[in-house]
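For reference, the structure discussed in these notes is given below.
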Amino acid sequence: MMAALFIVWLGAFVAAAKGRRNLSIVIGLAALILSLAMFRFHVSDNITLSL
Amino acid sequence: MTGTWDTRTVVRLLNGLGALVVFSVVFGAYGIQFIFLEPPCPLCLLIRIGMIATGLGLVLNAMYGPKPIHYGFALLGCIFGVIVSLRNIALHIVPGTGSYGDAVFGFHLYTWAFLVFMAMIIVIAVVMFFQRQFDPPSGPSPKIVTVVATIALIVGIVLSAANAFTTAVECELGPCPDNPTRVL
């Protein structure tokens, strides 16, 4: 799953290389949201906060 | 050296160099992975993603000229990295709870990553003060600016592809193990 995430990031860089600046940002934002979801997945247990 | 050196050009060069600095941190993590045979934990991989996201914003600035949307993207990448690295620090912050990996120059990699992300946020905020970078270009850019931007872009592509490959080998198709044992 994490490897697929890196491939999405690769897509953002490739879009930037091909001159598709806006597409690169859109792919990057999607990748960032997916990365947040992955982060949430990996901290889904044992979250105890004492604020 | 031909080309016009104005605020926009200098900032483009700084963004390209900044992207290379951020990418060099991921290369350093790769070095530790393969030289000291320390496989990256899932949070460590997510910290790399934060570096790559920050680098993408800076590369876009270097390639296409500074724009607030590029800086915004880089800042979002930094904030993501801060969140992940703080979580990683918090996991081991209580004395006696151990740590992940060996310390480098006194700090663990996730602590270094936190400091790098915070430094990037400050640097980006300061660079954004220079308002004239957002003016239209006054002439052709010096070649060195384009070369640095292209190198940073290629490094970003190589890093993303390399991480996709090594992560696929380490984690296979499922979720990455919390305590990985295989480097590659």
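Restricting the stretch A:6-17 to residues that are surrounded by fewer than 23 Cβ atoms within 10 Å (Cβ to Cβ) and facing chain B (nearest Cβ under 7 Å), which is farthest from B:CYS176 (Cα to Cα)?
Residues of the stretch A:6-17 that are surrounded by fewer than 23 Cβ atoms within 10 Å (Cβ to Cβ), as a first pass: A:7-8, A:10-11, A:14-15, A:17.
Still in the list and also facing chain B (nearest Cβ under 7 Å): A:7, A:10, A:14, A:17.
Values: A:ILE7: 16, A:LEU10: 19, A:VAL14: 25, A:ALA17: 30 Å.
Filtering the stretch A:6-17 for residues that are surrounded by fewer than 23 Cβ atoms within 10 Å (Cβ to Cβ) and facing chain B (nearest Cβ under 7 Å), the one farthest from B:CYS176 (Cα to Cα) comes out as A:ALA17.
Condition first: within 7 Å of chain B (Cβ to nearest Cβ) and under 11 Å from the mean Cα position of the chain (by Cα). Now tell me which residues in the stretch A:18-31 satisfy that. So that I can check it myself, show each step before the final result.
So the first thing to find is which residues in the stretch A:18-31 are within 7 Å of chain B (Cβ to nearest Cβ), and the list is A:21, A:24-25, A:28.
Of everything in the stretch A:18-31, just one residue is within 7 Å of chain B (Cβ to nearest Cβ) and under 11 Å from the mean Cα position of the chain (by Cα), namely A:GLY28.
I'd like to verify a number: residues in the stretch B:50-61 that are more than 10 Å from chain A (Cβ to nearest Cβ) and hydrophobic (A, V, I, L, M, F, W, C), how many?
Start the filter on the stretch B:50-61 by keeping residues that are more than 10 Å from chain A (Cβ to nearest Cβ), which leaves B:51, B:54, B:58, B:61.
Retained after the next criterion (residues that are hydrophobic (A, V, I, L, M, F, W, C)): B:51, B:58.
Residues flagged as more than 10 Å from chain A (Cβ to nearest Cβ) and hydrophobic (A, V, I, L, M, F, W, C) within the stretch B:50-61 amount to 2.
Select from the stretch B:31-48 the residues that are in a helix (DSSP H, G or I), in contact (Cβ under 8 Å) with a residue 40 or more places away in the chain and not basic (Lys, Arg) and list them in ascending order.
Let us first name the residues in the stretch B:31-48 that are in a helix (DSSP H, G or I), namely B:31-35, B:42-48.
Within this subset, residues satisfying the condition of being in contact (Cβ under 8 Å) with a residue 40 or more places away in the chain are B:32-34, B:42-45, B:47-48.
Listed by number, the residues that qualify are B:ILE32, B:GLN33, B:PHE34, B:PRO42, B:LEU43, B:CYS44, B:LEU45, B:ILE47.
Within the stretch B:87-97, is there a residue that is surrounded by 24 or more Cβ atoms within 10 Å (Cβ to Cβ) and either within 19 Å of A:PHE41 (Cα to Cα) or in contact with a helix residue (DSSP H, G or I) (Cβ under 7 Å, 6 or more places away or on another chain) (or both)? So that I can check it myself, show each step before the final result.
Going through the stretch B:87-97, the residues surrounded by 24 or more Cβ atoms within 10 Å (Cβ to Cβ) turn out to be B:88.
Still in the list and also either within 19 Å of A:PHE41 (Cα to Cα) or in contact with a helix residue (DSSP H, G or I) (Cβ under 7 Å, 6 or more places away or on another chain) (or both): B:88.
Looking for residues that are surrounded by 24 or more Cβ atoms within 10 Å (Cβ to Cβ) and either within 19 Å of A:PHE41 (Cα to Cα) or in contact with a helix residue (DSSP H, G or I) (Cβ under 7 Å, 6 or more places away or on another chain) (or both), one finds at least one in the stretch B:87-97, hence yes.
Residues to consider are B:GLY77, B:GLY31; find the one that is of a type outside the set (Lys, Arg) and at pLDDT 95 or above.
Values: B:GLY31 fails: at pLDDT 95 or above.
When all the criteria are applied, what remains is B:GLY77.
Applying the selection to the stretch B:6-65, what residues are under 22 Å from A:SER24 (Cβ atoms) and charged (D, E, K, R)?
B:ARG8, B:ARG12, B:ARG48
With respect to B:TYR100, determine if the residue is at pLDDT below 95 and either hydrophobic (A, V, I, L, M, F, W, C) or out of contact with any strand residue (DSSP E or B) (no Cβ under 7 Å at 6 or more places or on another chain) (or both).
Working: at pLDDT below 95: yes; either hydrophobic (A, V, I, L, M, F, W, C) or out of contact with any strand residue (DSSP E or B) (no Cβ under 7 Å at 6 or more places or on another chain) (or both): yes.
So B:TYR100 passes the test.
Output the qualifying pairs, or none if there are none: Cβ atoms under 9 angstrom, residues six or more apart or on different chains, first residue in the stretch A:32-43 and within 13 Å of B:ILE47 (Cα to Cα) and facing chain B (nearest Cβ under 7 Å), second residue of a type in the set (Gly, Ala, Ser) and surrounded by 13 or more Cβ atoms within 10 Å (Cβ to Cβ).
A:LEU32/B:ALA53; A:LEU32/B:GLY77; A:SER35/B:GLY50; A:SER35/B:ALA53
Being under 25 Å from B:ASN179 (Cα atoms) and in contact with a Pro (Cβ under 8 Å, 6 or more places away or on another chain) is the filter; apply it to the stretch B:1-55 and report the residue that is surrounded by the fewest Cβ atoms within 10 Å (Cβ to Cβ).
Top of the filtered list is B:GLN33.
With the stretch B:66-184 as the region, which helices (runs of 4 or more DSSP H) entirely inside it contain at least 2 residues that are away from every other protein chain (no Cβ under 14 Å)? Steps first, answer last, please.
Details: elements: B:68-91, B:109-127, B:143-171.
Answer list for the stretch B:66-184: B:109-127, B:143-171.
The values are calculated or read from the model by the stated rules, or taken from the named source; none is laboratory data. Computed from a prediction, not measured in an experiment: that's the story for all the values here. Because the Cβ atoms are built from the backbone with ideal geometry, glycine has one as well, and the counts that use them run over all protein chains shown.
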